[in-house]
Structures are given as C-alpha cells and as structure tokens.
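Remarks on the structure that follows.
The values are calculated or read from the model by the stated rules, or taken from the named source; none is laboratory data. Note that the coordinates shown come from a computational prediction; the quantities given were computed from them, not determined experimentally. Cβ sites come from the backbone with ideal geometry, for glycine too, and all protein chains shown count toward neighbours. The protein model used for the area step is the full one, side chains on, heavy atoms only, and it has no ligands, DNA or RNA in it. Shrake-Rupley method; radii C 1.70, N 1.55, O 1.52, S 1.80 Å.
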Amino acid sequence: MLGRFSVSMITVAVAAAAVSAVIAGAITRTSAQAPAPVLKTAWGEPDLQGIWTVEYDTPLQRSPRFADQEFFTEAQRAEFDRVRSQERGRDMRPERGSEADVAGAYNDVFGAMKRTGKRTSMIVDPPNGRIPPPTPEAAKIAAADRDFRLALMQATQTCKLNLPGCAGGKYDPTPTSRRAELPARYNTARMNRHDGP
C-alpha cells in the first residue's frame with residue numbers, strides 16, 4: 001500500500017514539473033518576442049509610480065573644468081571616490097555643545113556618500129552641461145522678487161549683521177512700507193512671514 005502511494009506521489013510530482021517547464025518556456029518565448037507593456041496612468045501618460053533610487057552622485061551642471069566632456073573616465077571616477085572617501089564631511093564636529101555642533105546633529109550615517117556617476121552633469125542640453133543664462137524676462141522677474149525680499153528683510157537681524165541672506169540689501173531699523181504687499185509670486189527663498197494665514 002505504501003509503495004503504491006509513493007509511486008503516485010512521484011508521478012504527480014513529475015507531471016507538475018513537466019507542466020511548469022512548459023509554462024515557463026511559453027512565458028520565456030513570449031517575453032523574448034514582445035517588449036514589456038508600458039503601464040499607463042488613467043489619463044494616458046506613462047505610469048512612473050514606485051520606489052526610485054539614485055545610486056550615483058551626479059552634479060546638476062558640469063564644472064567648467066570638464067568643458068565638453070559628457071562622461072567621466074573610469075580613472076576620474078575612481079579618483080573622485082578616493083578623495084571623497086577621505087573627507088570627514090558631516091562627521092567633523094565643531095566644539096561640543098555649541099550651536100554649530102547641535103545644528104549638525106545628523107552625521108554621515110544619515111547622508112551617506114554615493115559613488116561618482118558616469119555623467120559629468122545631469123544637464124544634457126545645452127551640450128556644455130551648464131545651466132543656460134536666464135532670458136531677459138526671467139532676469140527681470142528674479143530681480144523684482146529679490147528686491148521685494150530684501151525690502152522685507154531690511155529691519156531684521158539678518159541685514160543688521162550683514163549675513164549672506166541679506167546680500168545686496170542694507171539694514172534699516174524702520175520696517176518697510178512694502179510689508180503689507182502680496183508677493184507677485186510664491187516666495188521660496190527662506191522667507192516666512194508669521195503674521196497671517
């Protein structure tokens with residue numbers, strides 16, 4: 001009785017293996033013949049949902065030092081990685097207990113160094129890999145935004161102490177008359193006005 005049961009189990013196992021092999025072969029042939037389908041969103045655009053990781057460190061714009069070199073050589077990448085691995089980065093602590101020490105509480109464990117990427121910049125157009133100069137209209141908008149921010153900051157400690165956030169502005173103890181103005185565009189440059197919703 002036990003012998004007949006064992007033969008039946010072996011027969012079922014062999015049959016299951018054969019069916020699995022046939023299915024796997026069909027799937028392999030199908031995927032080799034046809035490209036994978038591109039998933040689309042409900043509105044018809046490619047669906048890019050998921051977890052995306054960035055394994056390499058690539059600068060936004062290319063250093064002038066590399067001019068029109070689109071890719072680093074393997075030797076350049078190895079040298080960059082060697083030099084960066086010797087820097088202490090955020091593991092370098094200022095005087096213990098100082099404001100700078102507490103402000104730098106997150107060490108390199110929280111911002112690990114990535115290996116140097118192959119590209120010399122994320123920007124690929126223009127071919128020099130540099131951020132192109134702003135158009136005259138964009139420069140005008142940026143200047144108006146900067147003037148508005150500096151006016152709002154004129155009576156602050158930032159301007160009184162001539163800190164980088166007030167570069168180009170000057171200290172005046174009298175708050176600006178522009179305080180009640182609404183900004184022409186959303187202000188993202190370290191400006192937070194706590195006097196309204």
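Yes/no matrix, rows are residues, columns are (1) open to solvent by 40 Å² or more (accessible area, probe 1.4 Å); (2) of a type outside the set (Val, Ile, Thr); (3) more than 30 Å from Arg77 (Cβ to Cβ); (4) touching a strand residue (DSSP E or B) at 6+ places or on another chain (Cβ under 6 Å):
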site: Pro132; (1), (2), (3), (4): yes, yes, no, no
site: Pro136; (1), (2), (3), (4): yes, yes, yes, no
site: Ala139; (1), (2), (3), (4): yes, yes, yes, no
site: Met153; (1), (2), (3), (4): no, yes, yes, no
site: Thr156; (1), (2), (3), (4): yes, no, yes, no
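Specify the residue that is farthest from Phe66 (Cα to Cα); the eligible residues are those in region 120-130 that are surrounded by fewer than 12 Cβ atoms within 10 Å (Cβ to Cβ) and touching a residue at least 12 places away in the same chain (Cβ under 8 Å). My answer is Val124.
Considered as a group, the residues in region 159-168 that are in a helix (DSSP H, G or I) and within 29 Å of the chain's Cα centre (by Cα) include one that is surrounded by the fewest Cβ atoms within 10 Å (Cβ to Cβ), and that residue is Pro164. Restricting attention to region 45-83, the residues that are under 17 Å from Arg115 (Cβ atoms) and surrounded by 11 or more Cβ atoms within 10 Å (Cβ to Cβ) total 12.
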